[in-house]
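Encoded as structure tokens, the structure appears first; notes follow it.
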Amino acid sequence: MSEIKIEDYHKIKKFLDEKQVSLVAVSKTKPDSVILKLYENGQKLFGENRVQELADKYKRLPKDIEWHMIGHLQRNKVKYIAGFVDMIQSVDSKKLLKEINKEARKNKRMIKCLLQFHIAREDSKYGLSLEVARDILTTSEMSNVSIQGVMGMATFTDEQSIIEKEFKNLDSIYKEIKMQFYKEDENFKYISMGMSGDYKTAIQCGSNMVRLGSVLFGARH
Ligand SMILES: *Cc1c(COP(=O)(O)O)cnc(C)c1O
């Protein structure tokens, strides 16, 4: 069941608007009907973490929805979303960025990207180190990609101090990259961090883009 509460959406949206934080509504596993309900209430930015589901939803739903890919992306699947995806938040290797650039060029498009950093303690989470990111930014061809910021996920824990430390780490990574590579580029501006359980902490630590699923759509089953 998807129990979407529109009043809660508007409350959260207002809170985020006041802080100038962008909201990515994470609609993975949710049916078109609940996505449309948020859409009709003004939400135009949605995030998905699976290529097939993202491509299917794109085909069926209104074409002015901006779709963000937020999950791990295999290189051989970039072609299925390159024609329409607004932003890929999960760039976690040089080879992936190269493939995105290639497919974007085939489609005569620019694709916005965020560099995903590994900030959590868990091994399982994908992401770059600062060192690898610097290499990517120094050596990659980027004719058809626009790198607009960073993304990361904190450790899944109740310990607030750990989460805070990880978010502050991503904020400082953002600042270092900004200084070194994008000082004059106003498009490099996003720090995408914070999910349903930790978005308020993330905002306190510098986030200006949150990715919210369950707090908007109810729990996933
Ligand atoms: C599912 C997901 C979210 C949203 O998670 P919630 O806890 O439901 O808000 C955010 N970011 C990524 C990368 C996700 O896969």
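Laboratory data are not the source of any read-out in this text; all were calculated from the coordinates shown. This structure is a prediction, so every number in the text was calculated from the model and none was measured. Here Cβ is always computed from backbone atoms with ideal geometry, including for glycine, and neighbour counts include all displayed protein chains.
As a proxy for reagent exposure, Leu38, Leu130, Leu170 were ordered by neighbouring Cβ count within 10 angstrom, fewest first; the result is Leu130, Leu38, Leu170. Exposure proxy for Glu164, Glu159: other Cβ atoms within 10 Å of each Cβ, ordered fewest to most, give Glu159, Glu164. Across the stretch 147-155, computed HN-Hα scalar couplings (Karplus, 6.51 cos²θ - 1.76 cosθ + 1.60, θ = phi - 60°) run 7, 10, x, 10, 9, x, 10, 7, 4 Hz from first to last residue, x flagging Gly and Pro. When the Cα positions of Met195, Trp67, Val26 are compared along the charge dipole of the chain, Trp67 comes out farthest toward the positive end, with charges on each C-beta of Lys, Arg, Asp and Glu. Once backbone amide H atoms are built at 1.01 Å from N, Leu128 has Gln116, Phe117, His118 as its partners under 5 Å, excluding neighbours fewer than 5 places away on the same chain. Within straight-line reach of Lys102, meaning a Cα separation under 20 Å, sit the following lysines at least 8 residues removed in sequence or on another chain: Lys77, Lys79, Lys94, Lys112. Each peptide among 181-192, 207-218 gets the average number of other Cβ atoms lying within 10 Å of its residues, and from highest to lowest they stand as 207-218, 181-192.
Per the Debye formula on identical point scatterers at the alpha carbon atoms of the stretch 1-143, with no solvent, log10 I(q)/I(0) at q = 0.18, 0.19 Å⁻¹ is -1.10, -1.17.
Taking amide H positions as modeled 1.01 Å from N, with prolines and chain starts lacking one, the residues under 5 Å from Gly47 and 5 or more places away or on another chain are Ala25, Val26, Ser27, His68. Couplings for the stretch 18-34, taken from phi via the Karplus curve 6.51 cos²θ - 1.76 cosθ + 1.60 with θ = phi - 60°, read 4, 9, 6, 10, 6, 10, 9, 7, 8, 9, 3, 6, 8, x, 3, 4, 7 Hz in order; Gly and Pro are left as x. Sequence-ordered 3J(HN,Hα) estimates for the stretch 177-184 from the Karplus curve with 6.51, -1.76 and 1.60 and θ = phi - 60° stand at 5, 4, 4, 6, 10, 10, 3, 9 Hz, glycine and proline given as x.
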